[in-house]
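Heads up, the thing below is written out as structure tokens.
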Amino acid sequence: MHKGIYAEYSSSVVRRMMKNSYPQGWFLACLNKMIVGGIAFSSYDSYYNASIFEVSFLAVNRQERSRGIGKALFNSALKSIREKLKEKGIKLVMLFVQTDGENKEAIGFYRSVFKRVGKVTETRIKDAWPKTWSGDKDVVFMFVRLKS
């Protein structure tokens, strides 16, 4: 039996975590009345009628992974942002995410979904700022410029 996205957090805590990431939108995935996944997302930097899509939170219960839930959440969020921007005459030009450098599952997931829409650029904070980064953890930044 699973207890939601994270076994250590209740569904209400996960909802609060998502809302506190200051998203413009968010979706939850439910299975048998249980939250098994969630995504929080925003678009920003609307310069010259162009915008960037950022995933600020994405999680799927470990027991429900590899069933397409994360991909469905991502695609729903991307579609939602594109529709909202289109209404305003703004084009979505780039996707962005950052994740823990040790989280190989998340890195693999984002590589997979990003490469479907454009060329992925990836950098690690320790590589980008080797002389100034003093943190213990590495962070991976991923960008993809969308195909026209």
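A compact table of results
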{"item": "Segment R67-K137, length gained on full extension (0.36 nm per residue, minus Cα span)", "result": "22.3 nm"}
{"item": "Cα-centre dipole for the range 11-146 with unit charges at Cβ (Lys and Arg positive, Asp and Glu negative), debye to 20", "result": "420"}
{"item": "Length added when fully stretched, E83-A128, from 0.36 nm per residue minus Cα-Cα", "result": "12.8 nm"}
{"item": "GluC sites (Glu not before Pro) within the range 55-148, DSSP loop, no more than 16 other Cβ atoms inside 10 Å", "result": "E102"}
{"item": "Cα-only Debye scattering, the range 11-146: base-10 log of I(q)/I(0) at q = 0.15 Å⁻¹", "result": "-0.78"}
{"item": "Gain upon complete extension [K115, R145; 0.36 nm per residue less C-alpha separation]", "result": "9.8 nm"}
{"item": "When each of K71/K119; K104/K137; K79/K115; K104/K126; K71/K126; K71/K137 is checked by Cα-Cα distance, pairs over 20 Å", "result": "K71/K126; K71/K137"}
{"item": "Virtual spin-label span in nm between C30 and S76, 7 Å along Cα→Cβ", "result": "1.0"}
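The numbers here are math on the coordinates, done by the rules we state, and not lab data. A quick note: this is a predicted structure, and the numbers were derived from the prediction, not measured. Neighbour counts run over all protein chains shown; Cβ positions are idealised from the backbone, glycine included.
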